[in-house]
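Heads up: the structure comes next, in structure tokens.
The values are calculated or read from the model by the stated rules, or taken from the named source; none is laboratory data. Because the structure is a prediction, the values reported are computed rather than measured. Heads up, the Cβs are rebuilt from the backbone with ideal geometry, glycines too, and the neighbour counts pull from every protein chain shown.
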Amino acid sequence: MTNSFENDSEENAHLPEQTAIWTRNFALLCFANVALFMSIQVLLPTLPVYLFKVGGSQQDIGYAMGAFTICAMVMRPIAGWLVDTYGRKKIITLGMILMLAVSGLYQLSTVPIMIIVTRGLHGLAFGIVGTAIGTIVADSLPITRLTEGMGYFGLTTSLSMAVAPIIGFWLADSYGYSALFSWVIAMSVVALLLSMPVKGTKFTLNNSTRSVIGIWTNLLEKSSIPSSSVMFLLAAVYGSVLSFIALYASESGINNIGLFFTAMAAAMLISRPISGRWADRGGSSKVILIGHLAIITGVSIISLSHTIEGFMTAGAVFGFGFGFCMPTLQALSVRYAPGHRRGAATGTFFIALDLGIGLGTIFWGYVAAASSYQIMYFTTLIPTILAGALYYRLKGYGYYQKHSIPVQCDCDNNR
């Protein structure tokens, strides 16, 4: 039963005008997300190298990187229920505090099992804060510009990705991994401080989810499952790039692989706004098609690359593809959900993203150990092709139709 309104900030928080994207709330969330991902993405290419230094194996790398995303995935549905039941702002603050607390554990992690456990705890905290931020961003955007707004918000992740790996390698090489882990703590503090002025948006609370049965039946949002399923397959490919590209490049004597991430992030910075506007004007299927073709091309170039120029080209093409696919699929996953279910819809989408990256990383670790990194990357073409086939198969069954888009309600008018 829906019978109350959330107002979890000290001041009243109003929804934006119908066409407004760049509100104060949205800007604060973007800056907080930059700091959040600056703390996370410095570890993506550097932690596998650190694991090798402390005696870890390829399987350990798969488990460590997979632990983060799998634990985040486990927490997503719970976080979605929490933000729909207790409010976006409260859960963002809780998640940021947990992120800061867990960040300090990296300084104490000196053996593979400790690193794996820390990564798992880090993933649990990120599952909370990531779901809460994604939900309040969706609340703050007008439905007619939802994909475009999601694209702009996604630029914050791309911006972090452009510089964080370079900073990570520089800190680790110049000052050691203790300095790297101190950076993670510092960025977590900044993210917490930037999130504190964010105002909670008003929406109708679904108090029926407070019962035990209600919790379990409301963890996932059914309308989000079609696009989330496609994202799961693409995320498996994404995980192979995040976790193993540095080790693959080192086999060819390339140590400055941070430029790969810079090229990928730059391509995302360019492609996200373009894809968002195009998708909002009815071109979602074309955006998805172009994105899939770019991902297939990018993975193929990775498989054949032996120079930094080749890896940078692959990163740009790969990033362009994900810049088209990811925000479009995320917008589709929340577009059809009722306002009071957007937390669950956001959680459902990120469950698929995290599960794909986590399971994919573990699986590709075994493939790489049994064959080679080159064969592993060729193998990632399979889920990419399956993702495209699944999207168009579901579209043929009648999903992603314009008439299914709900009308956004200004809940303040119902007070």
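Based on what the data block shows, is Leu159 modelled with pLDDT under 85 and surrounded by fewer than 20 Cβ atoms within 10 Å (Cβ to Cβ)?
Taking the combined requirement at face value, the residue satisfies it.
Residue pairs, Cβ under 6 Å, 6 or more apart or interchain, first in the stretch 240-266 and closer than 15 Å to Ala162 by Cα and of a type in the set (D, E, K, R), second crowded, with 22+ Cβ neighbours inside 10 Å and at pLDDT 85 or above. List them.
Listed by first residue and then by second, the contacts come to nothing, as the list is empty.
State whether one or more residues within the stretch 139-146 are in a helix (DSSP H, G or I), of a type in the set (D, E, K, R) and within 19 Å of Thr346 (Cα to Cα).
Yes, because at least one residue in the stretch 139-146 is in a helix (DSSP H, G or I), of a type in the set (D, E, K, R) and within 19 Å of Thr346 (Cα to Cα).
Residues to consider are Thr110, Thr93, Thr131; find the one that is assigned to a loop (DSSP other than H, G, I, E, B) and within 24 Å of Ile185 (Cβ to Cβ).
Thr110
Here are some residues: Ile301, Ile288. Which one is at pLDDT 85 or above and touching a Phe, Trp or Tyr at 6+ places or on another chain (Cβ under 6 Å)? Before you say what the answer is, go through the steps one by one.
Numbers: Ile301 fails: touching a Phe, Trp or Tyr at 6+ places or on another chain (Cβ under 6 Å).
On inspection, the qualifying residue turns out to be Ile288.
Scan the stretch 253-283 for residues that are at pLDDT 80 or above, of a type in the set (Gly, Ala, Ser) and either touching a Ser or Thr at 6+ places or on another chain (Cβ under 7 Å) or in a helix (DSSP H, G or I) (or both) and jot them down.
Ala263, Ala265, Ala266, Ala267, Ser271, Ser275
Quick one: Thr118 ticks every box in (1) touching a Ser or Thr at 6+ places or on another chain (Cβ under 8 Å); (2) touching a residue at least 24 places away in the same chain (Cβ under 8 Å); (3) under 25 Å from Ile257 (Cβ atoms) except a single one, so which number is it?
Unmet condition: (2).
Quickly run through the stretch 317-368 and pick out the residues that are surrounded by 24 or more Cβ atoms within 10 Å (Cβ to Cβ), closer than 18 Å to Leu141 by Cα and aromatic (Phe, Trp, Tyr).
The one that is surrounded by 24 or more Cβ atoms within 10 Å (Cβ to Cβ), closer than 18 Å to Leu141 by Cα and aromatic (Phe, Trp, Tyr): Phe349.
Restricting attention to the stretch 64-78, does a residue exist that is surrounded by 23 or more Cβ atoms within 10 Å (Cβ to Cβ) and not in a helix (DSSP H, G or I)?
no
Got a sec? Which of Val317, Val299, Val334 is over 19 Å from Tyr238 (Cβ atoms), touching a residue at least 40 places away in the same chain (Cβ under 8 Å), aliphatic (A, V, I, L, M) and in a helix (DSSP H, G or I)?
Val334
If you check every pair at least six apart or on different chains, which have Cβ atoms under 8 Å apart with a residue in the stretch 130-145 that is within 13 Å of Arg88 (Cβ to Cβ) first and a residue that is hydroxyl-bearing (Ser, Thr, Tyr) and part of a loop (DSSP other than H, G, I, E, B) second?
Going by the 8 Å Cβ cut-off, the qualifying pairs are Ile136/Thr201; Asp139/Thr201; Ser140/Thr23; Ser140/Thr201.
In the list Thr93, Thr69, Thr23, Thr46, which residue meets the criterion of being under 18 Å from the mean Cα position of the chain (by Cα) and among the hydroxyl-bearing types (Ser, Thr, Tyr)? First the steps, then the outcome.
Working: Thr93 fails: under 18 Å from the mean Cα position of the chain (by Cα); Thr23 fails: under 18 Å from the mean Cα position of the chain (by Cα); Thr46 fails: under 18 Å from the mean Cα position of the chain (by Cα).
The conditions single out Thr69.
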